[in-house]
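To start, the structure under review is shown below, and the notes come after it.
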Amino acid sequence: MLKDITIGQFFPGESLLHRLDPRFKIIITCIFVVMLFIGDSVWGLVIGSVFTFGAIALSKIPNRLFVKSIKPIFPFLIFTAVLNLVFISDGDVLFKWRFIKVTEGGIETSVYMLVRIVLLIAGSSLLTYTTSPIALTDALEQLMSPLKKLKFPVHELSMMMTIALRFIPTLIEETDKIMSAQKARGAEIDSGSLRARVKNLIPILIPLFVSSFRRAEELATAMECRCYNGGDGRTRLRQLKSGGRDFAALAVTCAFMGAIIAVNLML
Amino acid sequence: MSILKTENLTYTYSQGTPFEKTAVKNVNLEIEEGELVGVMGHTGSGKSTLIQHFNGLLKPTSGRILLEGKDIWENKTEIRNVRFKVGLVFQYPEYQLFEETVFKDIAFGPKNMGLDKDEIERRVRETAENLGLPQECLERSPFELSGGQKRRVAIAGVMAMEPKILILDEPTAGLDPHGRDVILGQIKQYHKKTGNTVLIVSHSMEDIAKYADKILVMNKSELFCYDTTVNVFSRSKEIEAMGLDVPQITRVFNALEQRGLNFGKQVYTVEYAKELIMKKLRERGKVTRC
């Protein structure tokens with residue numbers, strides 16, 4: 001059950017996408033998101049889809065993982081589609097029942113929205129699928145480093161993110177273990193009324209909190225033992241390096257962006 | 001009829017992802033009622049995965065598990081009853097304590113079984129006593145206790161369900177030598193008193209050799225052997241080649257054998273070794289009495 005969570009998961013590999021500099025990958029993802037939202041014609045979305053599916057193909061990550069990452073947002077997708085369908089009243093009315101009017105414009109917008117969200121989730125999952133959490137936070141820290149001038153605690157923030165990300169699998173494992181242990185004592189976890197279910201969480205949540213605090217304390221002690229005192233003067237074991245292929249990837253992304261803007265201007 | 005039987009039990013983790021790993025491969029074994037079995041194997045040999053199949057926490061990828069002759073997965077809704085028959089104490093079980101008082105925590109399992117109040121009370125007091133937890137500690141918070149006491153409360157929580165088979169995964173991990181002996185002694189006592197089947201997973205060969213009637217050895221996801229303690233330690237060279245320890249005294253006797261002193265017996269406890277040595281010395285007339 002908990003193993004099905006794929007958001008933020010990293011799948012090791014050797015593909016071109018895995019080898020790109022994480023800083024460029026973050027920038028490319030940002031451009032990609034903008035790209036999806038300014039492309040508001042059929043052609044814009046086609047270009048966006050080509051970009052997404054091209055990237056997915058390059059990443060060599062099994063397609064079913066993307067299906068899996070979209071599955072949890074399915075209810076949200078339907079909700080968005082229905083809202084758009086009902087509340088947008090541009091163009092010809094195709095169907096009318098009491099106060100509900102379905103118009104051509106409504107159908108168009110809800111289809112566009114659906115495609116956009118699916119591409120958005122698939123494309124941005126690609127960032128975490130192909131980048132290790134450590135590389136990701138390192139890259140974020142460097143990208144945000146200009147903010148240091150404004151006294152913004154960039155290093156602290158990225159250290160906190162690193163630790164949080166680092167502990168997600170540990171906590172999932174721990175939860176799994178505690179759940180198994182309580183199930184072994186006959187606890188019912190996924191059955192019963194809502195009230196019963198909430199009550200059944202107590203035997204899992206309390207041990208989980210206790211052990212999280214214990215882990216936090218141990219980690220803090222271990223960090224202090226190694227004389228950790230913040231980001232000043234720290235050097236890195238892994239230096240991020242960018243090369244020709246990173247600039248090439250950025251150029252390709254910009255080309256796609258340019259294509260979408262061009263399509264928008266022409267239509 | 002054996003109480004627990006596995007047929008071609010195989011389990012693969014994360015099937016269909018890059019992390020796919022077969023943890024248990026084609027295991028066939030039969031455990032008889034009333035045995036005290038030691039389970040050993042290297043870290044990652046699949047022993048923890050194997051024991052989680054016995055009470056239906058994991059469902060085999062292929063193969064079957066028979067409890068008293070009945071496939072435990074035949075009726076999915078009955079799986080909870082399997083867990084009451086096969087009690088499993090996890091590694092570091094003290095991390096699963098959650099109730100306000102020790103009493104309530106031990107009572108969690110029996111309460112889930114739907115027992116009445118008097119029966120729960122009887123079981124909690126009895127198991128607490130068997131595990132050497134004083135009555136006044138039952139009203140305290142489990143989080144105030146010492147490490148060894150917490151461990152015993154957690155073990156009591158499973159024992160109080162009075163399972164036909166009790167499985168303990170490394171019940172002595174992280175305890176001091178005294179705490180270790182106390183807990184193992186209490187488990188042995190429980191086994192003697194109830195006559196129930198007990199499985200103990202342990203890294204300590206000395207402990208297994210001292211307490212177990214039979215030993216189950218896992219190696220690289222496969223069942224290496226399941227046999228009586230004597231027979232298993234007669235293969236001490238193979239076991240050592242696997243990277244597992246054999247009891248110190250067995251190593252001493254293997255070394256004596258290499259130097260030409262052959263006792264012709266498999267030795268794995270110090271008491272037995274003493275007996276043999278004394279016998280040998282008496283034969284030579286060096287010692288008249290002991």
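With an 8 Å cut-off on Cα pairs and a minimum separation of 6 or more residues, tell me the relative contact order of segment B:4-229 in percent.
Numbers: 422 pairs, mean separation 65.9, N = 226.
The value is 29 percent.
Calculated FRET efficiency, A:Ile168 and B:Lys220, Cβ-Cβ r, R0 25 Å, to nearest 0.05? Walk me through the intermediate numbers first.
Numbers: r = 30 Å, r/R0 = 1.20.
So, using R0 = 25 Å, E works out to roughly 0.25.
What does the helix-only formula give at 222 nm for chain A: each DSSP H stretch with n ≥ 4 adding -39500 (n - 2.57), the total divided by the residues, and the result rounded to the nearest 500 deg cm²/dmol?
On the way: 10 runs with 186 residues, N = 267.
Mean residue ellipticity, 222 nm, calculated: -23500 deg cm²/dmol.
Cα-Cα over 18 Å: which of A:Lys183/B:Lys193; B:Lys5/B:Lys70; B:Lys25/B:Lys70; A:Lys177/B:Lys70; B:Lys5/B:Lys164? Can you show the working numbers first?
Numbers: A:Lys183/B:Lys193 26 Å; B:Lys5/B:Lys70 9 Å; B:Lys25/B:Lys70 21 Å; A:Lys177/B:Lys70 27 Å; B:Lys5/B:Lys164 14 Å.
Result: A:Lys183/B:Lys193; B:Lys25/B:Lys70; A:Lys177/B:Lys70 exceed 18 Å.
Rule-of-thumb check for segment B:247-290: C-alpha Rg over 2.2 N^0.38 Å?
Working: Rg = 10.7 Å, N = 44, 2.2 N^0.38 = 9.3 Å.
This ratio for segment B:247-290 stands at 1.15.
Can you tell me which aspartates and glutamates have their Cα less than 19 Å from the Cα of A:Lys96? Leave out same-chain residues fewer than eight positions away.
Leaving aside aspartates and glutamates fewer than 8 places away in the same chain, those within reach of A:Lys96 are A:Glu104, A:Glu108.
Looking at the protein assembly as shown, what % of its DSSP beta bridges pair antiparallel, to the nearest 5? Intermediate results must be reported in sequence, preceding the final value.
Working: 24 of 42 bridges.
Roughly 55 percent of the DSSP beta bridges within the protein assembly as shown come out antiparallel.
Could you derive backbone 3J(HN,Hα) for segment B:182-188 from the dihedral phi with the Karplus parameters 6.51, -1.76 and 1.60 (θ = phi - 60°), listing whole Hz in sequence and x where the residue is Gly or Pro?
4, 5, 5, x, 5, 5, 4
Where does the protein assembly as shown land on the Kirkwood hydrodynamic radius, alpha-carbon pairs, in angstrom? Write out the running numbers ahead of the final one.
Numbers: mean 1/r = 0.0350 Å⁻¹.
When all Cα pairs of the protein assembly as shown are included, the Kirkwood radius is 28.5 Å.
Treating cross-link reach as a plain straight distance, find the aspartates and glutamates whose alpha-carbon is under 15 Å from the alpha-carbon of B:Lys85, omitting any fewer than eight places away in the same chain.
B:Glu32, B:Glu33, B:Glu68, B:Asp71, B:Glu162
Taking the Cα centre of segment A:9-77 as origin, work out the dipole magnitude from +1 charges on Lys and Arg Cβ and -1 charges on Asp and Glu Cβ, in debye rounded to 20.
Numbers: 7 positive and 3 negative charges, 53 e Å.
Using only the charged Cβ atoms, the result is roughly 260 debye.
I'd like the projected area of segment B:4-229, averaged over all directions, using the convex hull of its alpha carbons. Report it in nm² with one decimal.
12.6
With 5 Å bins from zero, work out the P(r) of segment B:207-251 over every alpha carbon pair and list the percent per bin.
Taking every Cα pair in segment B:207-251, the percentages come to 5, 22, 36, 27, 9, 1.
For chain A, calculate the relative contact order in percent as a whole number, restricting contacts to Cα pairs under 8 Å that are 6 or more residues apart. Show your work: numbers first, answer last.
Values: 230 pairs, mean separation 76.8, N = 267.
Relative contact order here is 29 percent.
Loop-only check: which trypsin sites (Lys or Arg not before Pro) in segment A:9-114 are DSSP coil with at most 16 other Cβ within 10 angstrom? Mind dumping the intermediate values first?
Working: sites: A:Arg19, A:Arg23, A:Lys25, A:Lys60, A:Arg64, A:Lys68, A:Lys96, A:Arg98, A:Lys101; in loops: A:Lys60, A:Arg98.
Loop-located and lightly packed - A:Lys60, A:Arg98.
How big is segment A:86-218 by Rg and Dmax over its Cα atoms, in Å?
23.8, 65
Using the C-alpha gyration tensor of chain A, what are the square roots of 5 times its eigenvalues, in whole angstrom, with the largest one first?
Sorted largest first and rounded, they come to 38, 31, 17 Å.
If you bin every alpha carbon distance in segment A:153-225 into 5 Å steps from zero, what whole percent lands in each bin?
All Cα pairs, binned at 5 Å, distribute as 3, 14, 18, 20, 15, 11, 8, 6, 3, 1 percent.
Relative contact order for segment B:247-290 using alpha-carbon pairs under 8 Å, separation at least 6, rounded to a whole percent? The partial results should precede the final answer.
On the way: 21 pairs, mean separation 14.3, N = 44.
Rounded, it is 32 percent for segment B:247-290.
Where the only charges are on Cβ atoms (+1 Lys, Arg; -1 Asp, Glu), what is the dipole of segment B:14-80 about its Cα centre, to the nearest 20 debye?
On the way: 8 positive and 9 negative charges, 86 e Å.
My answer is approximately 420 debye.
Rg/Rh for segment A:122-186: what does it come to with C-alpha atoms and Rh from Kirkwood? Please list the in-between numbers first.
Details: Rg = 16.9 Å, Rh = 14.1 Å.
For segment A:122-186, the value is 1.20.
Per DSSP H run of at least 4 residues, take -39500 (n - 2.57); add these up for chain B, divide by its residues and hand me the 222 nm value, nearest 500 deg cm²/dmol.
Working: 11 runs with 114 residues, N = 290.
Mean residue ellipticity, 222 nm, calculated: -11500 deg cm²/dmol.
Tell me which residues come under 5 Å, amide H to amide H, from A:Thr103 once H is placed; ignore anything under 5 positions away on its chain.
Here A:Leu94 satisfy the definition.
Find, among the trypsin sites (Lys or Arg not before Pro) in segment A:162-267, those assigned to loop by DSSP (not H, G, I, E, B) with at most 16 other beta-carbon atoms within 10 angstrom. Could you put the intermediate results ahead of the total?
Values: sites: A:Arg166, A:Lys177, A:Lys183, A:Arg185, A:Arg195, A:Arg197, A:Lys199, A:Arg214, A:Arg215, A:Arg226, A:Arg234, A:Arg236, A:Arg238, A:Lys241, A:Arg245; in loops: A:Arg185, A:Arg226, A:Arg234, A:Arg236, A:Arg238, A:Lys241.
Within segment A:162-267, the qualifying trypsin sites (Lys or Arg not before Pro) (loop, at most 16 other Cβ atoms within 10 Å) are A:Arg226, A:Arg234, A:Arg236, A:Arg238, A:Lys241.
Which lysines have a Cα less than 24 Å from the Cα of A:Lys60, not counting those fewer than 8 places away in the same chain?
A:Lys3, A:Lys25, A:Lys68, A:Lys71, A:Lys241, B:Lys21
Which residues' amide hydrogens lie under 5 Å from the amide hydrogen of B:Leu168, considering only partners 5 or more residues apart or on another chain, with H built in the peptide plane?
Correct list: B:Val89, B:Leu199, B:Ile200, B:Val201.
Between the DSSP loop rule and a limit of at most 12 other Cβ atoms within 10 Å, which GluC sites (Glu not before Pro) in segment B:1-33 are left? Mind dumping the intermediate values first?
Working: sites: B:Glu7, B:Glu20, B:Glu30, B:Glu32, B:Glu33; in loops: B:Glu20, B:Glu32, B:Glu33.
Answer by residue number: B:Glu20.
Values quoted throughout were computed directly from the atomic coordinates according to the rules given, and no laboratory measurement underlies them. Not measured: the values here are computed from a predicted model. For neighbour counting, all protein chains shown are included, and Cβ atoms are generated from backbone atoms with ideal geometry for every residue, glycine included.
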